[in-house]
Amino acid sequence: MFGVVGIPVTAVAIRAVALGVRFLAFHNEQSAGYAASAYGYLTGRPGVFLTVSGPGCVHGLAGLSNAAANTWPAVMISGSCDQADFGKGDFQELDQMAAVKPFVKHAAKATHVTQIPRLVREVLGAAVAGRPGGCYLDLPADVLHQTIPESEAARVLSDAENPRFQEIRYEGSLDIEKAVSLLRHAERPLLVFGKGAAFARAENSLKKLIETTGIPFLPTPMGKGLMPDTHALAATAARSLAIGRCDVALVVGARLNWLLHFGEPPRWSKDVKFILVDISKEEIDLRKPYLGLEGDARRVLDLINEEVKDDPFCLGRSHPWVEAISKKAKENVAKMEAQLAKDVVPFNFLTPMRIIRDAILAEGSPAPILVSEGANTMDVGRAVLVQNEPRTRLDAGTWGTMGVGLGYCIAAAVASPGRLVVAVEGDSGFGFSAMEVETLVRYQLPVVVIVFNNGGVYGGDRRSTDEITGPYKNDPAPTSFVPGAAYHTLMEAFGGKGYAVGTPQELKYALAESFSARKPAVINIIVDPYAGAESGRLQHKN
Ligand code: ADP
C-alpha cells in the first residue's frame, strides 16, 4: 500500500502494517497514486494507495486517472468526512464518489463497517477484471470509528470470500484460423505489441510466434523488452518503413491511438489490414479492425501458435520484406551510432545517454528497470537505451504524464526487491515529485535518479527578442528554472548520495559507484540548455 496518512486514515495505515501489509509513506498522494498504478502494471495485482479526505482525494485523482489512461490496475482508498456532517461544510468535505467517477471502472462507498471486507474484495477484483483500470473505495470517518463484535467481524470477512468479479474474463469469438491465414498470405506482415501484452506476460508466446514465422516486430515504447531490442527481426530502427509499408499488422495489447498514429494514413498504408488482439471489446469496437480477437494476449497468441504449428510457415532472412527492414534498420542504427560515438562537452543529450546505456547494459541480467520521463530526455532515451527484458521500461505513457518518475521508481523497487532501478529524467519531470527522494532514502531503495539538467522545460529561456516584451519581461521565461540547479544536494540533504557531473569521466564514475552501491542516489548531469528541441518530438502539438 502506497499513501499519505492523516485524518481520518492514519490508523488504517498503522493497522495495515501491523497485519503484514507493507506501507510506503509518501509526501504527496499524486506520487503515491502513480506508484500504485505502476505497481499494478509490474506485478499484475492492483496497486493500492491510501489518501486522506477532500484535498488528499483530489491529489489522488492524478493516480487514478493515470491508471485509467494506461489501463493499469489500481485501487484508491480514501477517508472521507463524517456522513452525518456531509453538506454542512465539514472538515475536508467533498463528494468523493462524484469526484472519482470520470476516472474509475468501479467505485464503492462503505456506509457501515460491516461492508468493508466485501467492498475491498469488490474493488480489488474489478481493477483486474477484463481491461485493467482504477477503482475507488470510500471510507467515511464515522465508519472507520465503528466497532463490531469479533464474531461478527469473522462472519463478514468470510462472507466476502466470494468475489463478484472474476480475475480475467475470456469472451468473444476468436477466428484464429482467419488470423493465421492473413499472416500466412501477407507479403509484408508486421507484429506490433504494447504494454497490454506486457501486462499479460505474453513474452514467451510472442517469441515463439516471431521465431517460427520470421515476422518482423515493432514494440511500442513500453512494449520494448518483451522481445530483445537487439533481435534480428526488430523493426524499431526502421519504424517508418515498417508501419508505412506493412500489409497485415497483428497488433497485440496496444491501442491504435496517437502513439501508433491512429492506424491511419499517411503513416500507415491505407490498405493495411489490422488484426487487433485486445482484452477489451470496447477497444475492438472503437477501432473497427479488419479482424478483432477479443481476449487475453497470451492466450490468443498461444492459440495462434497452435494453429501455425499445424502448417508452419517462415519468411526467412532472404524474404524481400525482412531484408528491406533489416537493411533500413542497420542504416539507421549506423547513423545513430556515429552520432553517439562523439564525446560532446558541454553535454548534449546523446553523449550522456550513450554512457548511461552502456552502464545499464554492463549490469547484465536481471536488467535494471528503467524509468523515463521528460521531453528530449525521454525521446532520446527511447531511441538510445536498450531494453532486452520484459517490463523494464516505465515512461510517461499513454497520457504523456510528467511527474510520474519518482513514484514509478518506488513502485519498481518494491515490486522487484533487490533489482536496480534507474530513472532517466528531465529536470522538469524530476521537479514534479522531487521530494520523494526522501522516501527513497527512508526505505533505502536501490534507485539511481539521473537528472538531465538543462535549466528548464525544453531547455530554459528560448524566447526570441520580439517575444521578450510587456510589463513582466524581466521575469524568468515560463520555460526556465534556476540555471545549474544543484539537484544532487537535495538527495544529500536526506543522507543519500549526490553527484554533479559535466564530463564523460565524471558520469562514468558516478554510474559505476552508484550502480554497485545499490543505494539511493541522484546524478545531476549539467546539459547544454540549447541542446534539446522545444516540445521534443511533438512540436506539431504545441
Ligand atoms: P501501448 O501504450 O504500449 O501502445 P496501450 O496502453 O495503448 O499500449 O494499449 C494496451 C491495451 O492492452 C489496452 O487496449 C488494453 O485493453 C489491452 N490489454 C490489457 N490487458 C490485456 C490482456 N491481458 N490481454 C490483451 N490485451 C490487454
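When G125, G130 are checked against the criterion of being within 16 Å of the ligand (Cβ to nearest atom), more than 23 Å from T398 (Cα to Cα) and surrounded by fewer than 24 Cβ atoms within 10 Å (Cβ to Cβ), G125 stands alone in meeting it. In the condition set (1) open to solvent by 20 Å² or more (accessible area, probe 1.4 Å); (2) within 19 Å of F2 (Cα to Cα), V404 is compliant with all but (1).
Of the candidates V527, V482, the single residue that is within 22 Å of L340 (Cα to Cα) and among the hydrophobic types (A, V, I, L, M, F, W, C) is V527.
Which members of the range 243-267 meet the condition of being within 11 Å of the ligand (Cβ to nearest atom) and under 19 Å from L174 (Cα atoms)? Walk me through how you get there before you give the answer.
Initially, the range 243-267 is screened for residues within 11 Å of the ligand (Cβ to nearest atom), giving 251-260.
Within the range 243-267, V251, V252, G253, A254, R255 qualify.
Taking the range 175-195 as the range and being in a helix (DSSP H, G or I), under 20 Å from R239 (Cα atoms) and open to solvent by 20 Å² or more (accessible area, probe 1.4 Å) as the test, only K195 passes. Evaluating F274 against the criteria (1) open to solvent by less than 70 Å² (accessible area, probe 1.4 Å); (2) in a helix (DSSP H, G or I); (3) touching a Phe, Trp or Tyr at 6+ places or on another chain (Cβ under 8 Å); (4) not aliphatic (A, V, I, L, M) leaves one unmet condition, (2). Only one of G253, G295, G225 is of a type in the set (G, A, S), out of contact with any helix residue (DSSP H, G or I) (no Cβ under 6 Å at 6 or more places or on another chain) and closer than 25 Å to S181 by Cβ. Can you tell me which? Exactly one of G253, G295, G225 is of a type in the set (G, A, S), out of contact with any helix residue (DSSP H, G or I) (no Cβ under 6 Å at 6 or more places or on another chain) and closer than 25 Å to S181 by Cβ, namely G295. Taken over the range 4-36, the criterion of being within 21 Å of the chain's Cα centre (by Cα), open to solvent by less than 20 Å² (accessible area, probe 1.4 Å) and touching a residue at least 60 places away in the same chain (Cβ under 8 Å) is satisfied by L24, F26, S31, A32, G33, Y34, A35, A36. Is one or more of the residues making up the range 304-314 away from the ligand (no atom under 13 Å from the Cβ), touching a Gly at 6+ places or on another chain (Cβ under 7 Å) and open to solvent by 60 Å² or more (accessible area, probe 1.4 Å)? Checked against the condition, which is being away from the ligand (no atom under 13 Å from the Cβ), touching a Gly at 6+ places or on another chain (Cβ under 7 Å) and open to solvent by 60 Å² or more (accessible area, probe 1.4 Å), the range 304-314 yields at least one hit. Just one of the numbered conditions (1) within 28 Å of the chain's Cα centre (by Cα); (2) more than 25 Å from V437 (Cα to Cα); (3) open to solvent by 50 Å² or more (accessible area, probe 1.4 Å) is not true of K497: (2). When every residue of the range 365-381 is checked against the conditions, none turns out to be within 30 Å of F515 (Cβ to Cβ), within 16 Å of the ligand (Cβ to nearest atom) and either among the basic types (K, R) or surrounded by fewer than 17 Cβ atoms within 10 Å (Cβ to Cβ) (or both). Counting the residues of the range 55-75 that are outside any helix (DSSP H, G or I), open to solvent by less than 20 Å² (accessible area, probe 1.4 Å) and under 14 Å from L394 (Cα atoms) gives 1.
Residue count for the range 272-283, restricted to those that are near the ligand (Cβ under 9 Å from one of its atoms) and either farther than 20 Å from P189 by Cα or more than 24 Å from the chain's Cα centre (by Cα) (or both): 4. Mind listing just one residue for me: the one in the range 286-301 that is open to solvent by 70 Å² or more (accessible area, probe 1.4 Å) and near the ligand (Cβ under 9 Å from one of its atoms) and, of those, farthest from G194 (Cα to Cα)? Filtering first and then ranking leaves R299. Of all residues in the range 245-258, those that are under 22 Å from the mean Cα position of the chain (by Cα), closer than 16 Å to F217 by Cα and in a helix (DSSP H, G or I) total 0.
Yes or no, residue by residue, for (1) out of contact with any helix residue (DSSP H, G or I) (no Cβ under 6 Å at 6 or more places or on another chain); (2) at pLDDT 95 or above; (3) within 16 Å of the ligand (Cβ to nearest atom); (4) open to solvent by less than 10 Å² (accessible area, probe 1.4 Å):
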position: S158; (1), (2), (3), (4): yes, no, no, no
position: I168; (1), (2), (3), (4): yes, no, yes, no
position: A200; (1), (2), (3), (4): no, yes, yes, no
position: N204; (1), (2), (3), (4): yes, yes, yes, no
position: P216; (1), (2), (3), (4): no, yes, no, yes
position: H231; (1), (2), (3), (4): yes, yes, no, no
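Taking every residue in the range 194-215 that is in contact (Cβ under 8 Å) with a residue 60 or more places away in the chain and pairing it with any residue that is assigned to a helix (DSSP H, G or I) and more than 16 Å from the ligand (Cβ to nearest atom), at least 6 positions away or on another chain, the pairs with Cβ-Cβ distances below 8 Å are L209/V308; T212/V308; T212/K309; T213/L183; T213/V308; G214/V322; I215/L183. On the stretch given as the range 359-374, residues that are assigned to a strand (DSSP E or B) and among the β-branched types (V, I, T) total 2.
Quick check, is V120 within 29 Å of G403 (Cα to Cα), out of contact with any helix residue (DSSP H, G or I) (no Cβ under 6 Å at 6 or more places or on another chain) and of a type outside the set (F, W, Y)? When the stated conditions are applied, V120 passes them.
Output yes when any residue across the range 458-475 is more than 27 Å from D343 (Cβ to Cβ), surrounded by fewer than 17 Cβ atoms within 10 Å (Cβ to Cβ) and among the basic types (K, R), and no when none is. Checking the range 458-475: at least one residue is more than 27 Å from D343 (Cβ to Cβ), surrounded by fewer than 17 Cβ atoms within 10 Å (Cβ to Cβ) and among the basic types (K, R).
Among residues belonging to the range 514-542 that are touching a strand residue (DSSP E or B) at 6+ places or on another chain (Cβ under 8 Å) and open to solvent by 10 Å² or more (accessible area, probe 1.4 Å), point out the one that is farthest from V457 (Cα to Cα).
Start the filter on the range 514-542 by keeping residues that are touching a strand residue (DSSP E or B) at 6+ places or on another chain (Cβ under 8 Å), which leaves 514-515, 517, 519-529, 531.
From what is left, the residues that are open to solvent by 10 Å² or more (accessible area, probe 1.4 Å) are 517, 519, 526, 528-529, 531.
Details: A517: 31, K519: 28, I526: 14, D528: 13, P529: 10, A531: 12 Å.
Looking at residues that are touching a strand residue (DSSP E or B) at 6+ places or on another chain (Cβ under 8 Å) and open to solvent by 10 Å² or more (accessible area, probe 1.4 Å), I get A517.
Just one of the listed residues (K101, K105) is basic (K, R) and more than 15 Å from G40 (Cβ to Cβ), namely K101.
The values are calculated or read from the model by the stated rules, or taken from the named source; none is laboratory data. Owing to the predicted nature of the structure, the values given are computational and were not obtained by experimental measurement. Every residue, glycine among them, receives a Cβ derived from its backbone with ideal geometry; neighbour counts consider all protein chains shown. Ligands, DNA and RNA are excluded from the accessible area calculation, which covers all protein heavy atoms including side chains. Shrake-Rupley method; radii C 1.70, N 1.55, O 1.52, S 1.80 Å.
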